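The values are calculated or read from the model by the stated rules, or taken from the named source; none is laboratory data. Values in this document were obtained by computation on a predicted structure and should not be read as measured data. Please note: Cβ atoms are built from the backbone with ideal geometry, for glycine as well, and neighbour counts cover all protein chains shown.
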Amino acid sequence: MEPNPRSTGRLPAAFLTPGSSSFMEFLAEHRPDLLPGRRQLPPTQGALEAPHGTTIVAVTFPGGVVLAGDRRATMGNVIAQRDVEKVFPADEYSAVGIAGTAGIAVEMVKLFQLELEHFEKVEGTQLSLEGKANRLSTMIRSNLGMAMQGLAVVPLFAGYDLDRGQGRIFSYDVTGGRSEEYGYAATGSGSLFARGSLKKLYREDLTEADATTLVVQALYDAADDDSATGGPDVARRIYPIVTVITEDGFRRLTEDESSEIARSVVQQRMEQPDGPRAALR
Amino acid sequence: MSTPFYVSPQQAMADRAEYARKGIARGRSLVVMQYADGIVFVGENPSRALHKFSEIYDRIGFAAAGKYNEYENLRIGGVRYADLRGYTYDRNDVTARGLANVYAQTLGTIFSSAGEKPYEVELVVAEVGETPEGDQIYRLPHDGSIVDEHGSVAVGGNAEQISSYLDQRHRDGMSLAEALKLAVQALSRDTNGSEREIPAERLEVAVLDRTRPQKRKFKRIVGRQLQRLLQADGAVTEAESSEEGSEEK
């Protein structure tokens, strides 16, 4: 055996060892330093200041699911970024939206996307939606050490279940606990307000167009009451990111589409600042 | 105590090469060739589950002839290499040239190390470019050499005969249906010159299609779409095939 297999330029033994279809397991074996969860953090005094992403909402409708997020990242009381993107496609039929420490969250999403793609390429078939949700759970759990130091990541995972033929939503807590949500869900600092809004406006027979409007309404309500959530910024033309996953796969609404929805919501709020009213009885 | 026989290095290498070549020749041949919108992989494969072609990365595809467990191992190694590289640097930094190099080193080291049996495989690594000029096809024989191919390449048992057949007839800018037909014609010629029919169910076909909107350009062509491409007259099918591609996804 060569003392350093890299010196010959051939693939190191770990690459040719049959077995795992998981990219994370391969990393753990071959390059554990690249796994986000393996890093040792020095103990810090007080909270570490790093940009945090805020509100993500999801709504199912017959035929699919909508996942959307606002565009603000905050650092303490400062707005760190106005146009941050917090909703990403995980693969063809699922998406993940992240609230929490932005830097770690983005890295986690990148690894999660790769984990799903890697499995698909090695096995020649996709993971089940439950399987994907469980993989994400494992990743959040491995971040627990950092979460305890204030660098938590709490995503929302949404996807179209091809076996069942419906859209599904999974929410998480910092310990990696996973629970399936029915109808609608929200995560992040503005989620309390968004959830209140969703609760009153959600119907089981929403169309895709209704669902995309509903998530923007909920994000508007979150921004209305939570200082860390950004509303539609008409002056700078920064609008929420809205994604739809159906049988046809993942689709992110174009700039024009999301701006149209956001503008109509803003227009309506000019007349009625609290938004649409649910019936009293 | 037995005294080992002296075997000259030339003889030892020739024996190993002979061994590997025989192993590869037992497998069925396959063809990789350029067409107008990308690169098409065509091979005869009775199995639906054990693929000869697969996706390595966004623009990179892999084809192999020979012993299944050995090339499957190399394929997974390649996927791991590409994914790790893309994760540490950027997706654009994963290239067919880099991958072909790593494969060549791996095959070469195994071939010349006396402790290991040589791999009985021949690989093709292909990358689709933005334009046909950017397409790259590398053939990697069992001994670790790299051959930079243009237009078309065949590997496997009957490779030489198929290659020469293709070289005479392949031209740039063929439609997918034309390229596919040519590949099937080439594959259906036996060593003794006779022709046999390869039914569509026994064909494995995949493309790296540069016109695909997704960043992952690899796509398998199966079922109805394959049937239609095989039946269609080359010229008419262009619009039809792209239309069907969008329908599939």
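List of remarks:
- Meets criteria (part of a helix (DSSP H, G or I) and either modelled with pLDDT of 95 or more or away from chain B (no Cβ under 13 Å) (or both)) for A:A99: no
- Check on A:I79, part of a strand (DSSP E or B), surrounded by fewer than 16 Cβ atoms within 10 Å (Cβ to Cβ) and either within 14 Å of chain B (Cβ to nearest Cβ) or on the phi < 0 side of the Ramachandran plot (or both): yes
- Test: residue in segment B:198-208 that is assigned to a loop (DSSP other than H, G, I, E, B), small (G, A, S) and free of Cβ contacts under 8 Å to residues at least 40 places away in the same chain: no
- Taken residue by residue, segment A:193-206 has at least one member that is in contact with a helix residue (DSSP H, G or I) (Cβ under 8 Å, 6 or more places away or on another chain), of a type in the set (A, V, I, L, M, F, W, C), without any contact (Cβ under 8 Å) to a residue 40 or more places away in the chain and under 23 Å from A:D274 (Cα atoms).
- Of all residues making up segment A:108-129, the number that are surrounded by fewer than 17 Cβ atoms within 10 Å (Cβ to Cβ) and either within 14 Å of chain B (Cβ to nearest Cβ) or free of Cβ contacts under 8 Å to residues at least 12 places away in the same chain (or both): 4
- All of (1) within 14 Å of chain A (Cβ to nearest Cβ); (2) under 19 Å from A:F15 (Cα atoms); (3) modelled with pLDDT of 95 or more hold for B:Y71 with one exception: (3).
- Among the criteria (1) free of Cβ contacts under 8 Å to residues at least 40 places away in the same chain; (2) within 14 Å of another protein chain (Cβ to nearest Cβ), the one B:S8 does not fulfil is (2).
- Filtered residues of segment B:54-68 (kept if within 11 Å of chain A (Cβ to nearest Cβ) and not in a strand (DSSP E or B)): B:D58
- Out of A:G188, A:G159, A:G167, A:G176, sole residue that is touching a Lys or Arg at 6+ places or on another chain (Cβ under 7 Å) and surrounded by 23 or more Cβ atoms within 10 Å (Cβ to Cβ): A:G159
- Subset tally (residues that are more than 14 Å from chain A (Cβ to nearest Cβ), surrounded by fewer than 21 Cβ atoms within 10 Å (Cβ to Cβ) and either assigned to a helix (DSSP H, G or I) or of a type in the set (V, I, T) (or both)) for segment B:100-145: 4
- Residues satisfying the stated conditions in segment A:217-230, i.e. buried (at least 24 other Cβ atoms within 10 Å of the Cβ) and in a loop (DSSP other than H, G, I, E, B): A:T229, A:G230
- Residues within segment A:254-265 that are buried (at least 20 other Cβ atoms within 10 Å of the Cβ) and either among the hydrophobic types (A, V, I, L, M, F, W, C) or outside any helix (DSSP H, G or I) (or both), tallied: 3
- Candidate set from segment A:28-37 (those that are in contact (Cβ under 8 Å) with a residue 12 or more places away in the chain and not small (G, A, S)); member that is nearest to the other protein chains (Cβ to nearest Cβ): A:H30
- Residue list for segment A:34-57, filter: closer than 28 Å to A:V78 by Cβ and among the hydrophobic types (A, V, I, L, M, F, W, C): A:L41, A:A47, A:L48, A:A50, A:I56, A:V57
- One residue from A:L41, A:L67, A:L48, A:L11 being modelled with pLDDT of 85 or more, out of contact with any Pro (no Cβ under 7 Å at 6 or more places or on another chain) and either in a loop (DSSP other than H, G, I, E, B) or within 14 Å of chain B (Cβ to nearest Cβ) (or both): A:L11
- Residue in segment A:220-237 that is within 30 Å of B:Q214 (Cβ to Cβ), hydrophobic (A, V, I, L, M, F, W, C) and touching a Ser or Thr at 6+ places or on another chain (Cβ under 6 Å) present: no
- The set of residues in segment A:239-252 that are within 19 Å of the chain's Cα centre (by Cα) and surrounded by fewer than 20 Cβ atoms within 10 Å (Cβ to Cβ) comprises A:T246, A:G249, A:R251, A:R252.
- Just one of the numbered conditions (1) over 30 Å from B:G108 (Cα atoms); (2) in contact with a helix residue (DSSP H, G or I) (Cβ under 9 Å, 6 or more places away or on another chain); (3) modelled with pLDDT under 90 is not true of B:A177: (3).
- Taking segment B:32-57 as the range and being among the small types (G, A, S) and buried (at least 24 other Cβ atoms within 10 Å of the Cβ) as the test, the residues that pass are B:G38, B:G43.
- Once segment B:79-99 is narrowed to residues that are without any contact (Cβ under 8 Å) to a residue 12 or more places away in the chain, more than 10 Å from chain A (Cβ to nearest Cβ) and part of a helix (DSSP H, G or I), the residue that is surrounded by the fewest Cβ atoms within 10 Å (Cβ to Cβ) is B:N92.
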